[in-house]
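Here's the structure, in structure tokens; my notes come after.
The values are calculated or read from the model by the stated rules, or taken from the named source; none is laboratory data. Since we're looking at a predicted model, the values are computed, not measured. FYI the Cβ positions are ideal-geometry reconstructions off the backbone, even for glycines, and counts take in every protein chain you see. Note: accessible area is taken over every heavy atom of the protein model, side chains too, but ligands, DNA and RNA are not part of it. Shrake-Rupley method; radii C 1.70, N 1.55, O 1.52, S 1.80 Å.
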Amino acid sequence: MDFCKEFKYLNDTNSVFKEINYNEFRDMIDEFKSGIILIGGPWSPRTQAVIREANDIFKREKVETVYFYNPRSINVFKEEEDIRDCLSLESKLDYYYLVEKLGIKNKENKLVENTLIQKMYVPLFVSLKNGTCNDYFNANYLKDPYIHKPDSIEDKTLEFDKRLTDLIEKQKENRIFL
């Protein structure tokens with residue numbers, strides 16, 4: 001993926017982002033790997049809003065690679081499908097695996113329609129340490145022209161910076177078990 005073409009606010013051709021697919025994401029968990037993952041996509045206005053600031057923060061904090069997982073893909077019928085919609089048994093099982101392994105909970109306790117699986121909102125920043133999620137947060141911001149919460153005009157860039165920096169610090173901790 002050419003991140004600069006897909007994300008209108010990102011103008012860094014040497015961004016920290018590296019695209020991964022579902023199998024690579026699952027392998028990171030199963031093989032006890034570590035890394036920061038951004039779950040989202042160019043179709044998400046909220047991912048669009050934070051991608052540039054996130055890239056700048058990662059670079060400032062000397063994070064070389066952030067894995068980017070897009071929950072949308074092309075299914076066997078050549079249609080775009082979002083794993084979070086749980087439209088097929090396979091996508092439901094794959095999505096359930098991620099939500100359970102990462103321990104995703106949303107504040108409203110909303111579930112995916114016709115399931116008992118927690119709804120995952122994007123963009124979601126995940127700190128994976130030795131295959132275990134040690135922190136995550138949903139960046140619920142829009143941009144016009146700065147980062148702000150929906151229905152607010154207050155600039156939230158510093159709040160986002162602090163929250164993402166906290167996630168990065170947890171990722172850098174040397175402790176194996178939390």
Pairs where the first residue, in region 1-27, is modelled with pLDDT of 95 or more and the second is acidic (Asp, Glu) and not in a loop (DSSP other than H, G, I, E, B), C-beta under 7 Å, 6+ apart: TYR22/ASP94
May I ask you to verify whether LYS101 is touching a Cys at 6+ places or on another chain (Cβ under 9 Å), in contact (Cβ under 8 Å) with a residue 24 or more places away in the chain and either surrounded by 19 or more Cβ atoms within 10 Å (Cβ to Cβ) or not hydroxyl-bearing (Ser, Thr, Tyr) (or both)? yes
Please specify each residue of region 125-150 satisfying the condition of being assigned to a loop (DSSP other than H, G, I, E, B) and either in contact with a Pro (Cβ under 7 Å, 6 or more places away or on another chain) or surrounded by fewer than 18 Cβ atoms within 10 Å (Cβ to Cβ) (or both). ASN130, GLY131, ALA139, ASN140, ASP144, PRO145, TYR146, LYS149, PRO150
Counting only strands (runs of 3 or more DSSP E) wholly inside region 16-81, the ones holding at least 2 residues that are of a type outside the set (Ser, Thr, Tyr) and closer than 27 Å to HIS148 by Cα are 17-20, 35-39, 66-69
LEU158 vs (1) outside any helix (DSSP H, G or I); (2) loosely packed, with under 13 Cβ neighbours inside 10 Å: all pass except (1)
For region 105-128, which positions are acidic (Asp, Glu) and under 23 Å from PHE160 (Cβ atoms)? GLU108
Within region 4-15, the count of residues that are farther than 28 Å from LYS92 by Cα and part of a helix (DSSP H, G or I) comes to 2
In this structure, is ASN55 open to solvent by 10 Å² or more (accessible area, probe 1.4 Å), in contact with a strand residue (DSSP E or B) (Cβ under 8 Å, 6 or more places away or on another chain) and without any contact (Cβ under 8 Å) to a residue 60 or more places away in the chain? no
Answer from LYS143, LYS156, LYS162, LYS149 - the residue that is touching a residue at least 24 places away in the same chain (Cβ under 8 Å) and of a type outside the set (S, T, N, Q): LYS143
Picking from LYS62, LYS92, which residue would you name as being on the phi > 0 side of the Ramachandran plot and open to solvent by 10 Å² or more (accessible area, probe 1.4 Å)? LYS62
Could you say whether any residue in region 114-124 is within 24 Å of ILE29 (Cβ to Cβ), surrounded by fewer than 18 Cβ atoms within 10 Å (Cβ to Cβ) and aliphatic (A, V, I, L, M)? yes
